[in-house]
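First the structure, in the form of structure tokens, and then the observations on it.
The values are calculated or read from the model by the stated rules, or taken from the named source; none is laboratory data. Since this is a predicted model, take the numbers as computed values, not measurements. Backbone-built Cβ (ideal geometry, glycine too); neighbour counts: all protein chains shown.
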Amino acid sequence: MPSTRKKDLQRQVFEAICACQEKKAEQISILELEKDSGAFTDYFLVCSGSNPRQIQAISDEVEERLKKTGLRPAHIEGYKQAEWVLLDYVDFVVHVFTETARKYYDLERLWKSARHLEPAELAPGPRKKATASSGAKKKRA
């Protein structure tokens, strides 16, 4: 994947993360799926809501924020029932679960070979590693 495309994708996933955080999603997890794993997408963003209304609100916020960037989901599933809403953006998929459904499907276990990322790793701007190495220099001084 070309570097600018990957950065654009990471920025889009980060926008989705911010939308989830805005609506108080719980247990936000980002999985970067391996190319040879048979995955049909690059990232899974998994989070939980405490009730169907919150799950719909999280889904709505993700959709609204990404729509502002010109990105619309290719497919949406489960919105009406709001046990597990899936927003498919082709290069990444957002999963918003009830706690019960999340435990049942356990995507983190199912895709255990995926790399688990922290939201800050997808944030635009300087990488965490750069700040960590500058912090190490300060300690030596």
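Of the residues Gly78, Gly38, the single one that is at positive phi and modelled with pLDDT of 95 or more is Gly78. Does Glu108 satisfy being surrounded by fewer than 16 Cβ atoms within 10 Å (Cβ to Cβ), over 19 Å from Ala16 (Cβ atoms), in contact (Cβ under 8 Å) with a residue 24 or more places away in the chain and not small (Gly, Ala, Ser)? Criteria not met by Glu108.
Every listed requirement among (1) within 21 Å of Asp42 (Cα to Cα); (2) part of a helix (DSSP H, G or I); (3) in contact with a helix residue (DSSP H, G or I) (Cβ under 7 Å, 6 or more places away or on another chain); (4) at pLDDT 95 or above is met by Glu61 save one, (1). Residues of the range 14-38 being among the charged types (D, E, K, R) and outside any helix (DSSP H, G or I), which ones? Matches in the range 14-38: Lys23, Lys24, Glu26, Glu32, Glu34. Per the listing Thr41, Thr4, the residue uniquely β-branched (Val, Ile, Thr) and in a loop (DSSP other than H, G, I, E, B) is Thr41.
Of the residues Ser3, Ser59, Ser50, which single one is free of Cβ contacts under 8 Å to residues at least 24 places away in the same chain, among the hydroxyl-bearing types (Ser, Thr, Tyr) and more than 19 Å from Ala114 (Cα to Cα)? Full working, then the answer.
Values: Ser59 fails: free of Cβ contacts under 8 Å to residues at least 24 places away in the same chain; Ser50 fails: free of Cβ contacts under 8 Å to residues at least 24 places away in the same chain.
None of the others qualify; the one that does is Ser3.
Arg11 falls short on exactly one of the conditions (1) surrounded by 13 or more Cβ atoms within 10 Å (Cβ to Cβ); (2) in a helix (DSSP H, G or I); (3) of a type outside the set (Asp, Glu); (4) modelled with pLDDT of 95 or more, and that condition is (4). Consider the range 70-80. How many of its residues are in a loop (DSSP other than H, G, I, E, B) and of a type in the set (A, V, I, L, M)? Here the count works out to 2. When residues in the range 81-103 are screened for being under 16 Å from Ser29 (Cα atoms), over 12 Å from the mean Cα position of the chain (by Cα), not hydrophobic (A, V, I, L, M, F, W, C) and not in a helix (DSSP H, G or I), 1 of them pass.
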